[in-house]
């Protein structure tokens with residue numbers, strides 16, 4: 001097997017638009033293999049669009065997305081998923097009328113054994129085992145997010161894209177979920193997450209970037225970007 005490259009994901013001059021309105025204005029970002037990189041900034045900064053472009057769900061109008069050195073800017077999202085890119089969108093995305101275990105079975109299309117999928121999910125999120133026969137739509141918000149993560153992680157992703165993991169959840173649940181994110185990185189999964197609220201994610205992030213008005217304005221260690229982050233949320237541009 002070839003060694004894992006030091007840089008797993010690279011965005012170079014990335015631009016994207018909705019109709020004629022450009023929302024990403026030349027984003028540059030490097031994500032090392034096995035690291036957690038947090039992109040922070042106010043609502044409307046372009047964070048979710050950036051993730052959608054990486055996942056192949058929204059076209060880039062210029063620039064490149066490179067994974068393990070390969071240009072995947074125009075790759076089909078299904079091909080990216082098969083190659084190990086896994087996205088958990090804002091809003092959790094569970095099937096509300098299916099039970100917890102039926103939601104987990106949705107990943108067995110790739111030939112994974114049902115029992116193995118369930119065993120791995122319940123080992124990481126024991127609470128889901130207690131809810132296995134419960135419709136997903138009746139779970140709490142935190143439990144739904146756990147289910148979305150568990151379903152994604154059974155596909156053994158190389159790159160995990162998280163969009164507003166903390167949205168609408170109690171702080172203790174958010175802390176628990178980000179402990180899982182930290183454990184994933186320790187196991188070699190590369191994580192790129194975007195958040196509007198910074199406190200918890202900075203505790204597990206190796207690197208943090210501030211995005212304002214479609215541009216990455218600052219990149220650094222979490223402890224080094226506090227002033228720029230405060231300026232971003234107060235409406236300034238660092």
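Laboratory data are not the source of any read-out in this text; all were calculated from the coordinates shown. Note that this is a predicted model, so its numbers are computed, not measured. Quick reminder, even Gly has a Cβ in these numbers, built from the backbone with ideal geometry, and neighbours come from all protein chains shown.
Relative to the longest principal axis of the chain, what angle (0 to 90°, nearest 10) does the C-alpha long axis of helix 114-124 take? Compared with the principal axis, the helix lies near 60 degrees. Rounded to the nearest 10 degrees, the angle from helix 141-153 to the longest Cα principal axis of the chain is 90 degrees. Its DSSP H runs of at least 4 residues, each contributing -39,500 (n - 2.57), put the calculated 222 nm mean residue ellipticity of the chain at -8500 deg cm²/dmol, to the nearest 500.
The label-point distance for residue 172 and residue 156, in a model that sets each label 7 Å from Cα toward Cβ, rounds to 3.6 nm.
The Cα-based radius of gyration and maximum Cα-Cα distance (Dmax) for segment 117-238 are 16.0, 49 Å.
Wrap a convex hull around the Cα atoms of segment 58-115, take a quarter of its surface area, and give that in square nanometres.
Value for segment 58-115: 5.6 nm².
Over all distinct Cα-Cα pairs of the chain, the Kirkwood formula returns a hydrodynamic radius of 18.2 Å. Using 0.36 nm per residue and subtracting the Cα-Cα separation, the extra length available between residue 226 and residue 213 on full extension is 2.9 nm. Angle check, please: helix 171-186 long axis (alpha carbons) against the longest principal axis of the chain (alpha carbons), in degrees 0 to 90, nearest 10. On a 0 to 90 degree scale, this one is about 80. Across the alpha-carbon set of segment 1-139, the Rg to Rh ratio works out to 1.03, Rh being the Kirkwood radius.
Relative protection proxy for 60-68, 78-86, 30-38, from highest mean packing down: 30-38, 60-68, 78-86 (other beta-carbon atoms within 10 angstrom). Hydrodynamic estimate: the Kirkwood radius of segment 1-83 over Cα pairs, inserted into Stokes-Einstein at 20 °C and 1.002 mPa s, corresponds to D of 161 µm²/s. Across all C-alpha atoms in segment 156-198, the radius of gyration and Dmax reach 10.5, 28 Å.
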